[in-house]
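Right, one structure below, let's go through it.
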Amino acid sequence: MSTSLTLRTRGAEPQAVEPCRIPVRVPIPVHRPQPIGRGLLASAGLALALALAVTSQARAASSWESTADGRLVDVEVLVGGSNAPLYVRPGSWDRRYFQAFRGRNYSLAVTNNTGDRVGVLISVDGLNVVNGERSSLAGTEPMYVLGPYERTVIRGWRTSLRDVRRFVFVDEQRSYAERTGQSNGDLGWIRVLSFREQRPQVWIDPRFRDENESLPYGARPPLEEGQERAAPNDPKREAREGKDGLTKQRADSFHGQAAPEANPGTGWGERSADPVQRTVFLAAQRETDHVILRYEYESGLRALGIIPGRDRTWRRERGELGWGFSQPPRW
């Protein structure tokens, strides 16, 4: 934005006439303000432009939506049974942010928008939610299969064909990825990939399912409190953590004290019934959708320039001012 300012001073030019003389023009002194320097004008224009840019960025960073739309599937984040606001941050249009609440469960609702079966691969903190292993986001990994126009809610880490362990917001030192020795750079990231099917469905007789299955095939159970899975041939880690195998920050976290400037992760929550059955699904070589979600505590969102305000206007927009019967007025 550039500001152009033109100063004009208009002075009168009267004629003074003296007796017996030819009229001549006489200049009348007029006070003229000092012209504003170009540098000052440029600085003022720049400051105004920066102020407008910051204001518009803050306004855009505070905007939110309830659903992440894809070509095949839509994704919602449910916290406490309600849709969590998904924020869009200027400059990071490929992802959506939402707020994490320490100790609360969350779920992912996925809706198939097509009339065909769709495979849905979900990675939380870099781990496949079906087998609990590090995900490479490939179509050959275990995934959920949604029927035509089906909506399902993914509530946690799958431990069998019957149960899951709920997704729960915890400090990253207590996350499932950290407790299984699989911590990676995707902590705080949720990725939902959708794949088209390459051939008609083939169902497997459910009588062949393993009724004694307690953990996903190949998954590592979480460690007990205070324990850590030793990484083989990792002298740097041993030197960093010392003889007891735990850093002080992690030890504090295991005793229930939140580490300073803690970041959230997804933990191994309570058991919940969520029956499914096996099927065969040949996924396309490349995904159609790649929906990316990022979660942070409120302090983390604010540090990113996102203001997760839930004021009265926000609650009015959501219709969350409360339900019930008529109450007598207070005055």
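The values are calculated or read from the model by the stated rules, or taken from the named source; none is laboratory data. Quantities reported herein were computed from a predicted structural model and do not represent experimental measurements. Methodologically, a virtual Cβ is constructed for each residue, glycine included, from the backbone with ideal geometry; neighbour enumeration extends over all protein chains shown.
Miscellaneous remarks
- For first residues located in region 272-300 and among the hydrophobic types (A, V, I, L, M, F, W, C), partners that are in a loop (DSSP other than H, G, I, E, B) and lie 6+ apart or on another chain with Cβ distances below 6 Å form the pairs Val276/Leu161; Leu282/Gln198; Leu282/Arg199; Ala283/Gly139; Ala284/Gln198; Val291/Gly70.
- Any pair with Cβ under 7 angstrom, 6 or more apart, that starts in region 96-124 at a residue that is farther than 15 Å from Thr152 by Cα and at pLDDT 95 or above and ends at one that is of a type in the set (S, T, N, Q) and part of a strand (DSSP E or B): Val124/Thr266
- Matching option when the condition is within 21 Å of Asn263 (Cβ to Cβ) and polar (S, T, N, Q), among Ser82, Ser92: Ser92
- Tabulated pairs, region 146-165, first in contact (Cβ under 8 Å) with a residue 40 or more places away in the chain and of a type outside the set (D, E, K, R), second part of a loop (DSSP other than H, G, I, E, B) and buried (at least 21 other Cβ atoms within 10 Å of the Cβ), C-beta under 6 angstrom, 6+ apart or interchain: Trp157/Val129; Trp157/Gly132; Val164/Arg155
- Region 161-179: number of residues that are of a type in the set (S, T, N, Q) and modelled with pLDDT under 95: 1
- Only listed residue being over 17 Å from Ala84 (Cβ atoms) and in contact with a Phe, Trp or Tyr (Cβ under 6 Å, 6 or more places away or on another chain), chosen from Thr288, Thr279: Thr279
- Residues of region 155-204 classified as within 23 Å of Leu304 (Cα to Cα), out of contact with any Asp or Glu (no Cβ under 9 Å at 6 or more places or on another chain) and assigned to a loop (DSSP other than H, G, I, E, B), total: 1
- Screening region 237-326 for helices (runs of 4 or more DSSP H) wholly inside it with 3 or more residues that are modelled with pLDDT of 90 or more returns the ranges 298-303.
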